[in-house]
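Heads up: the structure comes next, in structure tokens.
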Amino acid sequence: MKLISWNIDSLNAALTSDSARAKLSQAVLADLVAQDADVIAIQETKLSSKGPTKKHLEILEELFPQYEHTWRSSIEPARKGYAGTMFLYKKELKPEISFPEIGAPTTMDLEGRIITLEFADFFVTQVYTPNAGDGLKRLADRQVWDQKYAAYLQELDLQKPVLATGDYNVAHHEIDLANPASNRRSPGFTDEERAGFTNLLAKGFTDTFRHLHGDLPHQYTWWAQRSKTSKINNTGWRIDYWLTSNRIADKVTKSEMIDSGTRQDHTPIILEIDL
């Protein structure tokens, strides 16, 4: 199987805008079409609570005619047009779809952050992990989320092997970001968030990129848009992951980033696995 994950930072903008940034996003989408993956996970869709519009659906059908889709958006009292996730999957796959709530604090369970596909022999689940926020104002809630999410993945793993992906909003080790010393208390690199990810892996999961590539440096999945030179200078972070249950990690044949050219923000990540 070939699977791709991408934090798109607004599906609407990527599909319907004609801005310079949207054109960069559209080039990435064209690359994803060419990849012909079995499953594509998309985070931060930023769609309304009603999901994709008729125009969105028409464009998706044009781009991905061989795929079904399922989506989950933020609903009130959570913020409108916030977070959100979507799966595209080949029509012949026919998974069972669930939209789990994990008992997360505040409105996190209402922000459209998790979708799970169940197949006969494994699960594919994606997540858009809440950001700790400016001033770390959401860090305490994020720590609860991390515990609840780890428990959820462990529950899945007790049933059958798991492929888990998404924007986890954490660089696990110093090698996973360009400037660790100056980001000790930045969202995504606090000791608390890193410990949360360590706890997740300890539940029986493998970071497939490190499994295949070891301590390969300067490998990132996100570059800040606020800095015009972040991509040019490769001052990035690796915060998007493909995880698998430990017992199927050796079946992974590829786990890497897909080049998104000059587009800053997230780049897609790809997993190939012999299941």
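The values are calculated or read from the model by the stated rules, or taken from the named source; none is laboratory data. Everything quoted here is computed from the prediction, not taken from an experiment. Neighbour counts are summed over all protein chains in view; Cβ atoms, including those assigned to glycine, are modelled from backbone coordinates with ideal geometry.
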message = If I filter the range 140-155 for residues that are in a loop (DSSP other than H, G, I, E, B) and either under 26 Å from SER48 (Cα atoms) or of a type outside the set (Phe, Trp, Tyr) (or both), do I get at least one hit?
response = no
key: Among the residues listed as SER48, SER74, the single one being more than 18 Å from the chain's Cα centre (by Cα), in a loop (DSSP other than H, G, I, E, B) and polar (S, T, N, Q)   = SER48
ask   = Before we move on, is GLY103 assigned to a loop (DSSP other than H, G, I, E, B), modelled with pLDDT of 95 or more and in contact with a Ser or Thr (Cβ under 7 Å, 6 or more places away or on another chain)?
value = no
Selection status of ASN169, on the phi > 0 side of the Ramachandran plot and not in a helix (DSSP H, G or I) = yes
key: Unmet requirement for GLY112, which otherwise passes all of (1) on the phi > 0 side of the Ramachandran plot; (2) surrounded by fewer than 21 Cβ atoms within 10 Å (Cβ to Cβ)   = (2)
request  = May I ask you to list the residues in the range 198-213 that are in a helix (DSSP H, G or I) and surrounded by fewer than 22 Cβ atoms within 10 Å (Cβ to Cβ)?
outcome  = THR198, ASN199, LEU201, ALA202, ARG210, HIS211, LEU212, HIS213
ask   = Restricted to the range 1-28, and to residues that are among the polar types (S, T, N, Q) and assigned to a loop (DSSP other than H, G, I, E, B), which residue is surrounded by the fewest Cβ atoms within 10 Å (Cβ to Cβ)?
value = SER19
request  = Working only within the range 29-73, note down all residues that are of a type in the set (S, T, N, Q), in contact with a Ser or Thr (Cβ under 6 Å, 6 or more places away or on another chain) and either within 20 Å of ASP265 (Cα to Cα) or crowded, with 19+ Cβ neighbours inside 10 Å (or both).
outcome  = GLN43, SER73
